[in-house]
Amino acid sequence: MPGLGTSVGRGGATTAQQSLADSDAILIMGSSMAEQHPVGFQWVVEAREHGCKVIHVDPRFTRTSACADIWVPLRAGSDIVFLGGLIHYVLGNDKWFKEYVVHYTNASTILRDDYVDAEDAGGLFSGWDAEKKQYSPETWLYKGSEPKKDGGQAAPGHHPAGGGHAKDRGGEAGKTSQFETDETLQHPRCVFQVLKRHFARYTPEMVEQSCGVPRDVFLKVAETYAAASGRSKTGCICYAVGWTQHSTGVQIIRAAAILQLLLGNFGRPGGGILALRGHASIQGSTDIPTLYDILPGYMPMPFFDSDSKTFEQYIKQHSTEAGLWTKFEDFMVSFLKAWYGDAATKDSQWGFNFLPRVTGDHSELGYWLDMADGKLEGLFVMGQNPAVGAPNGRLQRKAMANLKWLVVRDLVEIETASFWKDSPEIERGELRTEDIATEVFLMPAAGPAEKSGSFTNTQRLLQWHNKAVEPPGDARSELWFAYHLGRMLKERAARERTPKNAALNALTWDLPTEGAVAEPVAEVTLAEINGRDLTTGKLLSTFEDLKRDGTTMSGCWIYTGVKPDEHRNVANERSAHDALGHGWGFAWPKDTRIIYNRASAAPDGSPWSEEKKFVWWDSEKREWTGKDITDFKKDMPPDHKRDLSKGGLEAIDGDKPFGMHSDGRGWLYVNSGLKDGPLPTHFEPLESPVENQLYPAHQSNPPSDKKERPDNPYASSPHDPRFPLVLTTYRLTEHHTAGGMSRALSHLSELQPELFVEISPELAEITGVSPGDWATIVTPRALISARALITSRMIPPVIKGRRIHQVGLPYHWGWKGIVTGDVANDLLAISQEPNVRIMETKGLVCNLISGRHPAGHAALDELHEILEEQR
Amino acid sequence: MSEAESSFRENRLDEIRREASQFGTVQQPGIRAAGSPLPKASPQTGYYQQHLLKEPQWTPLVPLYFFVGGASGSLGVIGSLADLLGDNDELARKARHMATAGSAISSVLLIADLGRPSRFLNMLRIFKPQSAMSIGSWVLSGFSAFAAASTLADILDRQVDGSPIATFLRTVGRTGCTVLGMPFHNYTGVLIGATAIPLWNNRVRSLPREFGMSGLQSAVSLLELVGETDSNALNALGLVAAAFETWEGLDLLRTHDRELAPTKEGFTGALIQTAGLLSGPLPIALRVASLFASRRKRRLRQAAAISGIIGSLCLRYGWVAAGTVSARNWKIPLNIPDAADVQLQES
Amino acid sequence: MSGATDHTGIQPGEVTAFLTDSTLCIGCKACEVACKEWNGISADGYDFTGWSYDNTAALGHSTWRHVKFVEGHITPGIGGNSAQQLSWEFSSDVCKHCEVAGCLEACPTGSLVRTEFGSVLLQPDICNGCSYCVISCPFGVVQKNEDDGRAFKCTFCTDRQKGGLMPACAKACPTESIKFGRLDDLQVEAQVRLATLQARGMSDAQIYDPTETSVKGIHAMFIIRGEAETYNLPPKPEVPTIYLKDAWKSAAFEAVAMVGAVVASFFFLGRKG
């Protein structure tokens, strides 16, 4: 999310999947879209049938590659080199969309004299503190931008406990509305020139050397994709966790954003970046977040230091003087009014002190390690299966044995719920059931047809689903569970009115319920999320009406508009009346399907071309109009000059489409907010058999955290002779993540009944593995066995004359269900990318042995043996 | 996974490995023997060498039915005509009774083979001339009725002399048995010949003849085993049938169509070739000998009868089982030549 | 066609068809699952085949849609949609609903019938499991379920068609690789599509619709790249009724001979003394 958020202002997909039909070229990388988004992929096929070129870059030839025009085999983990190569090509061959770049990006902005680029310092930017292993972004700020210094241990956006999702628009460390520019782009310290120098060594030759991609193939991709740019052509980039689950994940996405900004693709039909998120409501789970460091609508959770002592300070820290975040206080106050109702008054700082404070790494991997160290008492696991789905499965499961209590809510008894009796640890004698003191509660959950509610999918689209049948027996919805649990806690807090219970007592919690089991009315919750004018009681239709004086409330400002009046639930509407799907569901913000769409018009407000006409300025009606809700101030003319005194969108120019940023520009260069640098720089994965050819002094991403400890060991990189192969993990269409929802169903289980490992015929010969027979994959963390699927779709890239064999594993299997298998994620290490703390699953090292591992403790003995040899 | 399930999976893997080491190839999907070429879909290998036709799903009751039906039909004809043409009353009566019993047994066998036996009457919902199965159902029903009528006539004849009912039943019954005995004794050859199974439709012309003559030989054999070893007419019929079967057997051996491989190779080949011997040369030899050795005539003809019956059974079981082997040939329906095998090994 | 209205507008009496176009297939198997869900068919085995991503292996009594996976040449730079070579093809197989259907001709109970939509329907309430249809299908589609006792195959979702809906597989297919419509329309569409593909350089593309054989064409046509044999599609499928004439002639001849032999034997040798 911060990759996109810092580049263009919001951390989500910038377009709708339907818009792919208008693309002239589609680059799919870090994703196998045909497999994981088959329904959305129909628009890729539609585009392809109309002449669009589809390019798929992936270490394996997948079902997506089978539908693409060009497939590029990539060494897993070398994405930044490849994308950097494309950037280098675009800059070097003058393929960038000049008008767009000059007007709509910060290419012309000038940097400080004390800024040092990674190119000039062997891989590190200026501001690196080797002891703390973190950057200070002060030297990265624009020349003339005053650093925000007051309060806090670190610059805003760079808090060490942060999880990178807070409003992810970056630039908070300085007054980003203050800057100087050189519109000719010639100034040696302007972003454009710095960019050129930064990517100077990402040549086609470097791509061949580091990625293993033949030069001619790379150039074919570059030519094809760069050609889909300009006034009448656009290209779209689609990515998924193949990019995000890397120790440089955020920077990989940044590189793609730079490319799209240079080619002028954001905000235009057939353009933009489609961040392909996975589950039906994964987008929803960050919009109304289950992440520790954000509040609904991507507002930051206050951190435990002077940033959060007073509401005023907190607001100052996170507001901007220009751009949409000027309204931060309106959003925040309205939000607090939603949560704390009458207890939220100006005098009580709107209940700001009822909110907890972030004191450390409370991310899932962070607290799970705390759990492993016995520091956590209880845990709710709802709709997730970490025993199978999380990295370093052995540590995950053993950690749960340290809990006092565990509540698991799911449709079936998943591995997480039964770890105490039938996990591999029990089988191997590492844990004994009688010694596990954890009290485990398995609560049955209602399925999607058994409850009403909404999904928010990858294109920010809210779709309502209506309850069709009653859930069986004791199964209940999440809403029921959370509501009644909260109700019971509140009843207790009402009896013990201590300061500790003040927040609970202040919380508004009266939802109407209906039916035999007192199910809360979901639409009422939606109404609260949407927001109301508290003086009139009427529902609001736009977040622009939110106020900071306590007269409005909204549970999530980006959703305002989904329920604009008592009789409408836009998420439940199903009459699409145009190709983008208006009339079907609600896309935040304000049902805008392609965000930043001001950029689909030229600086003067006219469309770039007839073919790509999308949103334009109607000079008669004096307003923006077109095929979508304008992501801009509707009545602000293209020639408007910014007025900082007004704040908000009027404080940016009329030809600046990226209204979340205080300079209104798309950021080729991010002056603060990303902990690993303002520009993407290639580093090898935390485990790699190959050296970092670009920056030999720094093998892996300097601020990333390996969390290396005895129960989370690593191979030595590069060249650990025990683990010469590259391992990558991924999904299959047929199964759902950790398998709880698919391995319990016969119709899905039979499609892919067994865990298999994909290897090339060459590797099979070297290791003596027969087709379909068992093979064992080993990493420092674990060993597992899988059936060998030998295929020529796995092609070993050649790096410096050496064939680097790659091993592919889908990760859906566990020991429960109709079809079972070893847990692939046992092989992975827990690691944290510096910004969002996500683990690296897409590129690590392993070894492959023919045959099946023994049962019981003997498997661990075998692992131990392998780890001990040839250290 | 439960222990039972996991050990089942392990057993299957071992099974596959054993099949691979024993036969050099593995017919079922799963593991391939080490060093074997990767499973492949191509114009040379078809779709992973998976046979595209479905195997016949008949139980072993069906070839038995073929045998019983073939014999019954022939017995019906013999029973209707033998005593009209000579003094073979006893023989004819036995033949008629055995025809009736045989038709009843045939019905039981067919019904028992059905996936839903209680729905056997559905066979008579329609009459579909282009379906040999439909024709067979009606022929069996009709023949059973006429055979029963003949037997009833015999019973009545014993009780009452010159009963008009008996005469009516006799006439209708014998006419019916003769007329329907004709298709009943050999239609099963049409039944399997007019199918998608390459082996069977390759021999669509010879199968009805072979099954028919085999039925005749069985009828003769059964009558001899219930005492009619003196009948030279039966012996002659037996010789005619055996001669014909010999000729068919030789014709089969002479024809080298690759569809016919299951009749010459493997277990089914052994069964069919054995059937050929026991239905052809051996009974001929024994029956000819019986013409010259009057003291051993009974024994010789009984031996020929047993040989004929076993041969007829082997013939039916052999051909039906060979149909399954033929269905499993993945190359023939795709017109892929056998030489492709050689190409594969070389690549 | 996202968001298209549900009703097809097709009236009973109009012959409908499938056109399954592999060049649009993404190998997702939604068709397999949708078919099983709609028809309430059970799973039929959890066996790993090692045949690329195809663990379904074949059509049968409990599989009425089967996606085939064919791996060819994999070359860096060349995607599966390239005309240059066959890399990885996916093709969803189904009952062909032949114009002249072997199973239908063979069925003695009248369970198999031709519906008002031109499809071949096996009515499970009549079938008594004689399994004659099983060996009469030149495509190896229909099969008896040994546990149930009856034979089953694709119904062409006749129940859905009667309600004006398209078959479940076509409905679920995200890329409209499975096209459903009137037979004559789809025959034309197939030709148009073939021309388009060939214009793109895909000289290996072809329509599989064996009109020149005794089957006289199928109502479930396929567009495939490469040879039909690769997909276990028989190049010359025949409806087994073509063998009947010879068979019955032969039977009649032998029957007459048999009666003649009986008559002659008993006439000449059947008298005592």
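The values are calculated or read from the model by the stated rules, or taken from the named source; none is laboratory data. In this text, all values refer to a predicted model and were calculated from it rather than measured experimentally. So basically every Cβ, Gly included, is an ideal-geometry build from the backbone, and we count neighbours across all protein chains shown.
Summary table
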read-out: Lone unmet requirement of (1) within 10 Å of chain C (Cβ to nearest Cβ); (2) under 30 Å from A:ALA372 (Cα atoms) for A:VAL726; value: (1)
read-out: In segment A:300-321, the residues that are farther than 17 Å from A:PHE543 by Cβ and in a loop (DSSP other than H, G, I, E, B); value: A:MET301, A:PRO302, A:PHE304, A:ASP305, A:LYS309, A:THR310, A:GLU321
read-out: Residue, nearest to the chain's Cα centre (by Cα), within segment B:105-128, restricted to residues that are of a type in the set (A, V, I, L, M) and assigned to a loop (DSSP other than H, G, I, E, B); value: B:LEU114
read-out: B:LEU75 part of a loop (DSSP other than H, G, I, E, B) and either crowded, with 24+ Cβ neighbours inside 10 Å or modelled with pLDDT of 95 or more (or both); value: no
read-out: Residue list for segment B:112-124, filter: crowded, with 16+ Cβ neighbours inside 10 Å and either of a type in the set (A, V, I, L, M) or under 10 Å from C:GLY110 (Cβ atoms) (or both); value: B:LEU114, B:ASN122, B:MET123
read-out: Count of segment A:257-281 residues which are under 15 Å from the mean Cα position of the chain (by Cα) and either surrounded by fewer than 24 Cβ atoms within 10 Å (Cβ to Cβ) or not small (Gly, Ala, Ser) (or both); value: 8
read-out: Residues (charged (D, E, K, R) and in contact with a Phe, Trp or Tyr (Cβ under 9 Å, 6 or more places away or on another chain)) located in segment A:651-668; value: A:ASP655, A:LYS656, A:ASP663, A:ARG665
read-out: Condition met for C:ALA34 (at pLDDT 95 or above and either surrounded by fewer than 22 Cβ atoms within 10 Å (Cβ to Cβ) or out of contact with any helix residue (DSSP H, G or I) (no Cβ under 7 Å at 6 or more places or on another chain) (or both)); value: yes
read-out: Extreme residue, surrounded by the fewest Cβ atoms within 10 Å (Cβ to Cβ), among residues of segment A:832-871 that are farther than 24 Å from A:HIS246 by Cα and among the basic types (Lys, Arg); value: A:ARG871
read-out: Complete set of residues in segment A:795-835 that are of a type outside the set (Gly, Ala, Ser), within 23 Å of the chain's Cα centre (by Cα) and assigned to a strand (DSSP E or B); value: A:LEU809, A:PRO810, A:GLN832
read-out: Among the residues listed as C:ALA220, C:ALA247, the single one being within 7 Å of chain B (Cβ to nearest Cβ) and either buried (at least 18 other Cβ atoms within 10 Å of the Cβ) or at pLDDT below 95 (or both); value: C:ALA247
read-out: Scope segment A:322-357; condition over 21 Å from A:THR542 (Cα atoms), in contact with a Gly (Cβ under 8 Å, 6 or more places away or on another chain) and either buried (at least 19 other Cβ atoms within 10 Å of the Cβ) or not aliphatic (A, V, I, L, M) (or both); matching residues; value: A:TYR340, A:ALA344, A:THR345, A:LYS346, A:TRP350
read-out: Residues that are in a loop (DSSP other than H, G, I, E, B), among the hydroxyl-bearing types (Ser, Thr, Tyr) and more than 7 Å from every other protein chain (Cβ to nearest Cβ), drawn from segment C:57-91; value: C:SER62, C:THR75
read-out: A:VAL221 closer than 28 Å to A:TYR104 by Cβ and of a type in the set (Val, Ile, Thr); value: yes
read-out: Hits in segment C:177-213 - residues which are buried (at least 18 other Cβ atoms within 10 Å of the Cβ), in a loop (DSSP other than H, G, I, E, B) and of a type in the set (Ser, Thr, Tyr); value: C:SER177, C:THR213
read-out: Segment A:347-365: number of residues that are in a helix (DSSP H, G or I) and either at pLDDT below 95 or not small (Gly, Ala, Ser) (or both); value: 7
read-out: Candidates B:GLY102, B:GLY136, filtered to the one that is more than 9 Å from chain C (Cβ to nearest Cβ), surrounded by 17 or more Cβ atoms within 10 Å (Cβ to Cβ) and assigned to a helix (DSSP H, G or I); value: B:GLY102
read-out: Residue check, B:ALA275 in a helix (DSSP H, G or I), of a type in the set (Gly, Ala, Ser) and touching a Cys at 6+ places or on another chain (Cβ under 8 Å); value: yes
read-out: Filtered residue count, segment A:529-543, keeping only those that are surrounded by 19 or more Cβ atoms within 10 Å (Cβ to Cβ) and not aliphatic (A, V, I, L, M); value: 4
read-out: Counted residues, segment C:223-232 - those being touching a residue at least 60 places away in the same chain (Cβ under 8 Å) and either within 8 Å of chain B (Cβ to nearest Cβ) or surrounded by fewer than 17 Cβ atoms within 10 Å (Cβ to Cβ) (or both); value: 4
read-out: Members of segment A:736-787 that are over 32 Å from the mean Cα position of the chain (by Cα), in a strand (DSSP E or B) and surrounded by fewer than 23 Cβ atoms within 10 Å (Cβ to Cβ); value: A:TRP774
read-out: Residue count for segment A:572-609, restricted to those that are surrounded by fewer than 14 Cβ atoms within 10 Å (Cβ to Cβ) and without any contact (Cβ under 8 Å) to a residue 24 or more places away in the chain; value: 4
read-out: Subset of segment A:358-390 that is of a type in the set (Ser, Thr, Tyr) and surrounded by fewer than 20 Cβ atoms within 10 Å (Cβ to Cβ) - its residue that is nearest to A:ASP549 (Cα to Cα); value: A:THR359
read-out: Positions within segment B:186-212 being farther than 10 Å from C:PRO240 by Cα and within 7 Å of chain C (Cβ to nearest Cβ), in sequence order; value: B:ASN186, B:TYR187, B:GLY189, B:VAL190, B:VAL204, B:ARG205, B:PRO208, B:ARG209, B:GLY212
read-out: Within segment A:368-414, considering residues that are polar (S, T, N, Q) and at pLDDT 95 or above, the one farthest from the chain's Cα centre (by Cα); value: A:ASN402
